[in-house]
1. With N denoting the number of residues in segment 109-184, provide Rg(C-alpha) divided by 2.2 N^0.38 Å, to two decimal places.
2. For the pair Ser83 and Ala173, how long in nm is the line joining their label points, each one 7 Å along Cα→Cβ?
3. Please give the FRET efficiency for Val134 paired with Val202, using the beta carbon to beta carbon distance and R0 = 41 Å, rounded to the nearest 0.05.
4. Taking the Cβ-Cβ separation of Arg267 and Arg294 as r and a Förster radius of 22 Å, what is the calculated FRET efficiency to the nearest 0.05?
5. Roughly how many nanometres apart are two label points built 7 Å out from the Cα toward the Cβ at Arg224 and Thr49?
6. In whole Å, what is the distance between the alpha-carbon centres of segment 251-330 and segment 171-237?
7. Over the Cα atoms of segment 254-371, what Rg and Dmax result, in angstrom?
8. Can you compute the modelled spin-label distance between Ser302 and Ala148, with each label point 7 Å from Cα toward Cβ, in nm?
Amino acid sequence: MKEVTMKTISIPLPLLVLVFMSVIAPAKAQNAASANAKAVSASAKPSLTVTATQVGQAQMATKLTANGSLAAWQEAIIGSESSGLRIAEVLVNVGDVVNRGQVLARFASEAVNADVAQAKAALLEAEATAVEAVTNADRARGLQASGAISKQQIGQYLTAEQTAKARVAAAKASLDVQQIRLKYTQVLAPDAGIISARTATVGAVVGNGAELFRLIRQGRLEWRAEVTSADLSKIASGMSVTVIAPNGEQAQAKVRMVAPTVDVNNRIGLVYVDLLPAKDKKLSNAFKPGMFARGEFMLGSSAAMTIPQQAVVVRDGFSYVFKLNPDQRVTQVKVQTGRRMQVNGAEQIEILGGINAGTQIAASGVGFLNDGDLVKLVAAPITPTANPVPATKK
């Protein structure tokens, strides 16, 4: 039998140690890295405490904004209808509210009263002459058949009768003229309204047609909105309008008429808007003719995605929101904003794109957040907002 001999291979100890370390070291390094990551994650602190909200949906009004001037609806010019008379009394001043037919001023009427008395006397004389002429004419008619008087004399009596009657009519007309002059010694308001200007002064002698007062008829004001030709077709009579005074005060108004023409120089058309008085039948002092005001035409409403105004931050001219991730970190998302509206005193802003309805976003402290920040969520106070859209369950 042959003997089998086994040879023993001897491995140097340094090489064996090197092989062992090359197998064990990667596993230890991986475990150490994982442990370090867990330690860092456990020790990380939220950078900010925020409240959360969801992108909701609501009906938002579609508005068209325009600028224009306030003016009187109609401004009546009240002038003198008498000539050469002296103003004896002025009874109203600028800003006074007057009624139709109210006396605004009086002229000295002594001369006119004398003319009226003279005209009355002339009328009485003409009537007396007419009575005699009628009597003579009646007598001549009775003698016409008997032939006691000639036909020529009869004709003279009949002509005298007609002439006397004509003189009576002329005297009456003259008296009417003088009475009209006497009536014109009182300047009356042609309509109810507000005195906007006064040039009448006591003692002045004015000519026929001279301006004495200006009156804003019925106290009505209108806003003459300047609208581009592209937007003019969107406006119709009866449309509701909110007019905003220079101090921010608002008044409800209604479109009365859209101008039938457009200015060829700037392609701007005028829209005449009646300002509606308040319950006390008077407009606020914030609205005066000649003021420049801004207004919003209510074109309708449409559905829109909305979020609170404070959830939007503007950086470098762009609008952003911070989306909340499941790991309590935020992602900065660029969005497009649109219309704005007030809901129970809170301002909501429309989101046109960049984020979907139902997405949960940070609602407070967004101005201090950056992309990837870790945040802590707290319950938001219950306030009425736009109708939220529930997030879909995955």
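The numbers here are math on the coordinates, done by the rules we state, and not lab data. The model shown is predicted, which means the values in this text are computed figures rather than measured ones. Note that each Cβ is placed from the backbone with ideal geometry, even for glycine, and that neighbours are counted across all protein chains shown.
1. Here the Cα radius of gyration is 1.50 times the empirical estimate.
2. Between Ser83 and Ala173, the simple spin-label model gives 1.8 nm.
3. 0.25
4. On the way: r = 20 Å, r/R0 = 0.91.
It comes to 0.65.
5. Between Arg224 and Thr49, the label points sit 5.9 nm apart.
6. 35 Å
7. Cα-based Rg and Dmax for segment 254-371 come out at 21.1, 62 Å.
8. 10.4 nm
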